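Encoded as C-alpha cells, the structure appears first; notes follow it.
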Amino acid sequence: MSENSTTAQVRIEKVGTIAHVILSRPEKHNGMDMVMLKAVITAAKKLAGDKEIRAVILRGDGPSFCAGLDFKTVMGQPAKAALAYTQLWWPMRNDFQSWSMAWREVGVPVIAAIHGNCFGAGIQLAMGADIRVTTPDAKISIMEAKWGLIPDMGGVALMRELVRIDVAKELTMSGRIISGDEAAQLGLVTHVAADPVEKAIALAEEMAVRSPDSVAAAKYLLQEGWHAPEDETLSSERRWQRRVMGGKNQRAAVKGNTKKEAPSFSARSVK
C-alpha cells in the first residue's frame, strides 16, 4: 500500500507507522452512504495486510466524526438500497456488519477519535475500534430507534464488551443523545480529551514501543477470550503465547530490556 491513498470518501494517510483513516464527506457530517461503506471495508482490508503499520486512527473531516446513515442519499438510489436490504438474509456477516467488525481483524491498535456528531453507524464504527477517545461535548447516540430500527452494524456484538445490558437497553431503546463526558461515565468510550486525535496519537505511540507481535496477539486473545468459557480462554492464552514466545520480536524485547535500550523490532508476523 502506498504511503497515502485515497478512495471515494475515505482517505488513508500514513504518518510514520501510524495510519490515519479519515472519513471525508464533511458537508454531510460524514454520513455513511453505500460508497463510504465499501470504502471503509476496503481500508480495513488494506491495513490488515500492512505489516509495517503500528496503529490505526479512525477520524472524520469537518464538524463530525460520523452522523450515521445518510438516509436521503441511500434511499435516493432505490435499486441499490433494495440490493443492500437483501444482505439481512445472508447466512454470514454482511457488509454493514463489516463496517465495524473488520477493524477487529487488523492486528494493531485501532483508535477512534470522536468529535461532533457520532450517531448510529458512527458509534458502531467507533465501537469496532479497540479504544475510543472523544471530545467532552461530542453528541453520541445509538440512534436507530429514531428510525424505527435496531443497531445492526455490529453494535450489539461490540456494545456487550463495553456497557452493562441495562445501559445498552436504555441507550438502544431510547435513541437518547449523550455527551462525550456521559459516554465515558457509562463505559462506552475510553478517554475524554479536548483534542482526541492528539490523544489518539499519544496512545498509539505508547503501544508502538512494544513488540508488534505481542500487541497483535493480545488484541486477538482478549477478543477471543473475554466472553468465552474459562477453559476456552485458557486455551487461547496458551495458543497465542506459543505464537509469540521465542519469535524474533519477543527476543528483541528481551534483549532491549536486558540491555536497557529501545528494542529494534521487525515487521509484525502475527496476523
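The values are calculated or read from the model by the stated rules, or taken from the named source; none is laboratory data. For clarity, every value in this text was computed on a predicted model and none was experimentally measured. Don't worry about glycine lacking a Cβ; one is built from the backbone with ideal geometry, like all the others, and counts go over all protein chains shown.
Tell me the residue from Lys14, Lys46, Lys28 that is closer than 26 Å to Gln77 by Cβ and touching an Asp or Glu at 6+ places or on another chain (Cβ under 9 Å), please. Steps first, answer last, please.
Numbers: Lys14 fails: closer than 26 Å to Gln77 by Cβ; Lys46 fails: touching an Asp or Glu at 6+ places or on another chain (Cβ under 9 Å).
Result of the check over Lys14, Lys46, Lys28: Lys28.
Inspect all residues belonging to the stretch 252-271 and state whether any of them is in a helix (DSSP H, G or I), of a type in the set (D, E, K, R), under 25 Å from the mean Cα position of the chain (by Cα) and surrounded by 13 or more Cβ atoms within 10 Å (Cβ to Cβ). Looking through the stretch 252-271, none of the residues is in a helix (DSSP H, G or I), of a type in the set (D, E, K, R), under 25 Å from the mean Cα position of the chain (by Cα) and surrounded by 13 or more Cβ atoms within 10 Å (Cβ to Cβ).
Within the stretch 146-166, the set of residues being within 15 Å of Arg132 (Cβ to Cβ), assigned to a helix (DSSP H, G or I) and among the hydrophobic types (A, V, I, L, M, F, W, C) comprises Leu158, Met159.
Of all the listed residues (Ile53, Ile57, Ile41), the sole one being within 29 Å of Ala113 (Cα to Cα), in the same structural domain as Val15 (by TED's automatic domain parsing) and part of a helix (DSSP H, G or I) is Ile41.
Search the stretch 142-156 for residues being touching a residue at least 40 places away in the same chain (Cβ under 8 Å) and more than 19 Å from Val40 (Cα to Cα), and hand back the single one that is surrounded by the most Cβ atoms within 10 Å (Cβ to Cβ). Within the stretch 142-156, the match that is surrounded by the most Cβ atoms within 10 Å (Cβ to Cβ) is Met143.
Could you tell me which of the residues Lys46, Lys28, Lys72 is at pLDDT below 95 and more than 16 Å from Ile111 (Cα to Cα)? Result of the check over Lys46, Lys28, Lys72: Lys72.
Does Asp50 satisfy the criteria of being acidic (Asp, Glu) and closer than 26 Å to Asp137 by Cα?
Values: acidic (Asp, Glu): yes; closer than 26 Å to Asp137 by Cα: no.
For Asp50, the condition - acidic (Asp, Glu) and closer than 26 Å to Asp137 by Cα - is not met.
Could you please find all residues in the stretch 1-25 being buried (at least 16 other Cβ atoms within 10 Å of the Cβ) and either modelled with pLDDT of 95 or more or touching a Gly at 6+ places or on another chain (Cβ under 7 Å) (or both)?
Selection gives Val10, Arg11, Ile12, Lys14, Ile18, Ala19, His20, Val21, Ile22, Leu23, Ser24, Arg25.
Taking the stretch 68-113 as the region of interest, how many residues are surrounded by 13 or more Cβ atoms within 10 Å (Cβ to Cβ), of a type in the set (A, V, I, L, M) and either assigned to a helix (DSSP H, G or I) or within 16 Å of the chain's Cα centre (by Cα) (or both)? So the count comes out to 11.
Select from the stretch 181-206 the residues that are part of a helix (DSSP H, G or I) and under 16 Å from the mean Cα position of the chain (by Cα) and write down the one among them that is farthest from Thr134 (Cα to Cα). Filtering the stretch 181-206 for residues that are part of a helix (DSSP H, G or I) and under 16 Å from the mean Cα position of the chain (by Cα), the one farthest from Thr134 (Cα to Cα) comes out as Ala204. You will find that of Leu222, Leu234, the residue that is surrounded by 13 or more Cβ atoms within 10 Å (Cβ to Cβ) and modelled with pLDDT of 95 or more is Leu222 and no other. Just to be sure before I move on: is Gly122 over 19 Å from the mean Cα position of the chain (by Cα), modelled with pLDDT of 95 or more and not hydrophobic (A, V, I, L, M, F, W, C) in the structure I sent? No: the conditions fail for Gly122. Note on the stretch 36-67: residues that are among the β-branched types (Val, Ile, Thr) and loosely packed, with under 15 Cβ neighbours inside 10 Å amount to 0. Count of the stretch 221-260 residues, restricted to those that are among the hydrophobic types (A, V, I, L, M, F, W, C) and either touching a Lys or Arg at 6+ places or on another chain (Cβ under 9 Å) or closer than 20 Å to Pro109 by Cβ (or both), is 7.
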